[in-house]
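Down below is the structure, laid out as structure tokens.
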Amino acid sequence: LLVEEETGKTINGRIAFQEIDMDTHGVWNELADGSKIWLFKYKTSGALATNVYFSNYNLPVGGELYIWSADKSYAEGPYDWKENNDHGKMGTAEVFSDEAVLEYYQPADVVGEAQLTTHGFGHYYRYVYDFTADWNRGGSEYCEVDVNCPEGSGWEGPRDGVVRLRIVDGGNIGLCSGSMVNTTARDCRQYMLTALHCADGVSTSDFGLLQVRFNYERANCGSGGGSSTHQRTGVIFLADSNDGGGNSGSDFLLVEIEDEISASWNPFYSGWDASGTGGNEGVSIHHPA
């Protein structure tokens, strides 16, 4: 709780730092068609969910990485070469278990070899909601309604601009919300605006592990799960309000998402006004709890 008060973000997990390299850990299997599979199983006891952070992630074109719960009830992926970056950092989504398996598949005709070295393993101990099932609204009050309820009519654009953030700060993992915003050139450069209190003091290295998730919402009003695969890991710091993220200033943080956002996710880049004249209506779109 003290950590939450200091950072401002909602801490819901920790990183168990452990370096695992696919060249020295796990099991390789070669199939009859010349393709091969690498498997590595791990456990972080008592976690409600777990994921993997990489310090060296580099996949050849055609290779695919998955993470699935050990009971095979839930899986995330595939992750591929589009997540490659010069700094090598990358993070998977969470699976709902304390025991999981990493699986890398490489077809026989792929050129090059994969490089995977872990930074650590996410251990999530609260505020974990299974978005594949019918959510329990995450503790929100009844005055807050799902974005796809009738009250959301007319706000579909800003709705699609809202993103869920998973922020790494040292050994802590926390949650926040943000919004994609456009430029004066209206060129849809991948700018994301959030609050400084969500990531005040986060290092440049950890910004490489910040995950931005799109379309994290119920599909219907009061029912349905949301997408977990529409995500990009890694942002570039651009500017902040330099006010400590408190109540004495504007409390903003502007970053740019590193990797290309898929057009199929229907991202929306919200407009803004610097004239000084306020609007006459508005809504708050965020992720409860």
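A compact table of results
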| item | result |
| --- | --- |
| Residue tally, condition out of contact with any Phe, Trp or Tyr (no Cβ under 8 Å at 6 or more places or on another chain), surrounded by 12 or more Cβ atoms within 10 Å (Cβ to Cβ) and part of a strand (DSSP E or B), over segment 18-38 | 1 |
| Residue in segment 171-183 that is outside any strand (DSSP E or B) and closer than 24 Å to N266 by Cβ present | yes |
| Listing of strands (runs of 3 or more DSSP E) fully contained in segment 193-289 that carry 2 or more residues being open to solvent by 20 Å² or more (accessible area, probe 1.4 Å), modelled with pLDDT of 95 or more and under 28 Å from G171 (Cβ atoms) | 235-240, 253-257 |
| Residue in segment 17-33 that is more than 21 Å from R126 (Cβ to Cβ), touching a residue at least 40 places away in the same chain (Cβ under 8 Å) and touching a Lys or Arg at 6+ places or on another chain (Cβ under 9 Å) present | yes |
| So D134, is it open to solvent by 40 Å² or more (accessible area, probe 1.4 Å), at pLDDT below 95 and either touching an Asp or Glu at 6+ places or on another chain (Cβ under 7 Å) or part of a loop (DSSP other than H, G, I, E, B) (or both) | yes |
| Residue within segment 104-113 that is crowded, with 16+ Cβ neighbours inside 10 Å, in contact with a strand residue (DSSP E or B) (Cβ under 9 Å, 6 or more places away or on another chain) and closer than 27 Å to G174 by Cβ present | no |
| Search result, residues across segment 157-192 that are of a type in the set (G, A, S), more than 14 Å from the chain's Cα centre (by Cα) and open to solvent by less than 30 Å² (accessible area, probe 1.4 Å) | G157, G161, G171 |
| Qualifying residue in segment 267-286 (condition: touching a residue at least 60 places away in the same chain (Cβ under 8 Å), hydrophobic (A, V, I, L, M, F, W, C) and more than 18 Å from Q190 (Cα to Cα)) | yes |
| Filtered residues of segment 39-76 (kept if part of a strand (DSSP E or B), in contact (Cβ under 8 Å) with a residue 40 or more places away in the chain and either over 24 Å from G234 (Cα atoms) or open to solvent by 10 Å² or more (accessible area, probe 1.4 Å) (or both)) | L39, F40, K41, Y42, K43, S55, N56, N58, E64 |
| Condition met for F40 (under 30 Å from T204 (Cβ atoms) and in contact with a Leu (Cβ under 8 Å, 6 or more places away or on another chain)) | yes |
| Extreme residue, farthest from I167 (Cα to Cα), among residues of segment 78-99 that are in a strand (DSSP E or B) and touching a residue at least 60 places away in the same chain (Cβ under 8 Å) | M90 |
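The values are calculated or read from the model by the stated rules, or taken from the named source; none is laboratory data. Remember, predicted model here, so these are calculated numbers, not experimental data. Glycine gets a Cβ as well: all are built from the backbone with ideal geometry, and neighbour counts include every protein chain shown. With ligands, DNA and RNA removed, areas are computed over all heavy atoms of the protein, side chains included. Shrake-Rupley method; radii C 1.70, N 1.55, O 1.52, S 1.80 Å.
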